[in-house]
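K.L.:
Dropping the structure in here first, questions after.
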Amino acid sequence: MPGGDMRDPRRIAAILAGRWTWRAARIGPTGADLLSRTTRLIYFPAAIAEQEGLDPVPGRLWASLAIAVELIGSILVIVWRWVWLGAGAFGVRTAIAAFVANNFRALHGRARFVVLNSFLEHVSMIAGLVIAAMVASYANRGLLALQAPCGRATRGEPPAPTTSSHLFGK
């Protein structure tokens with residue numbers, strides 16, 4: 001089989017411990033909102049109108065808070081600093097938005113199904129943020145020992161990390 005047997009746990013462990021896997025895992029639950037909030041910052045009047053359409057008044061205050069919390073929270077998770085704060089703030093803000101914007105309880109039929117799916121997508125994102133905060137917390141307390149494969153440095157990057165302190169920026 002070209003590329004080897006992917007059922008080999010060592011290969012899976014190497015993929016999971018890889019530098020790019022860690023980066024992708026940190027960007028995954030935050031990247032779309034990072035882009036979305038950056039767009040809302042650029043088109044701020046539209047962000048205000050969006051908030052006012054969901055009833056939070058004053059819209060300027062709520063739009064500013066949403067943009068700030070999600071931009072800062074996303075960046076903290078991606079750079080792996082104060083992950084508990086970034087993921088926590090982002091998760092709480094996402095939970096509030098999920099309940100305000102996805103009122104599936106008042107709907108029926110197909111409309112309820114569509115809005116409930118959107119709500120559950122938010123719940124999944126919150127779970128991803130909780131997992132990120134848990135991994136960071138365990139690593140910072142020395143309860144999580146990870147070994148990444150050592151490799152050659154590429155494009156000026158340091159060699160792949162070999163301890164949890166290197167992976168998590170302790």
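K.L.:
Counting other beta carbons within 10 Å of each residue's own, what order do TYR138, TYR43 fall into, fewest first?
P.N.:
Values: TYR138 15, TYR43 12.
Lowest to highest Cβ neighbour count: TYR43, TYR138.
K.L.:
Using DSSP to call loops (not H, G, I, E or B), can you name the trypsin sites (Lys or Arg not before Pro) in the stretch 27-110 whose Cβ has at most 15 other Cβ atoms within 10 angstrom?
P.N.:
On the way: sites: ARG37, ARG40, ARG60, ARG81, ARG93, ARG105, ARG110; in loops: ARG81.
Taking the stretch 27-110 and a limit of 15 other Cβ atoms within 10 Å, the loop trypsin sites (Lys or Arg not before Pro) found are ARG81.
K.L.:
Let me ask something else about it. When the expected Rg is taken as 2.2 N^0.38 Å, what fraction or multiple of it is the alpha-carbon Rg of the stretch 8-95? Each step should come with its number before you reach the end.
P.N.:
Values: Rg = 16.1 Å, N = 88, 2.2 N^0.38 = 12.1 Å.
Expressed relative to 2.2 N^0.38 Å, the Cα Rg reads 1.34.
K.L.:
Rounded to the nearest 0.05, what FRET efficiency do LEU85 and LEU120 have when you use their Cβ-Cβ distance and R0 = 22 Å?
P.N.:
On the way: r = 26 Å, r/R0 = 1.16.
Given R0 = 22 Å and the Cβ-Cβ separation, E is 0.30.
K.L.:
Moving to a separate point now. Say each of ILE131 and ALA68 gets a label point 7 Å from the Cα, pointing the same way as Cα to Cβ; how far apart are those two points in nm?
P.N.:
Simple spin-label model gives 3.1 nm for this pair.
K.L.:
Would you mind computing, in nm to one decimal, how far apart the modelled labels at ALA49 and ASN103 are, each placed 7 Å from Cα along Cα→Cβ?
P.N.:
Computed distance between label sites ALA49 and ASN103 equals 2.1 nm.
Each value in this text was obtained by applying a stated rule to the coordinates, not by laboratory testing. Just so it is clear, the structure is predicted and the values come from calculations on it, not from any experiment. Cβ coordinates were reconstructed from backbone atoms using ideal geometry, including for glycine residues, and neighbour counts include every protein chain displayed.
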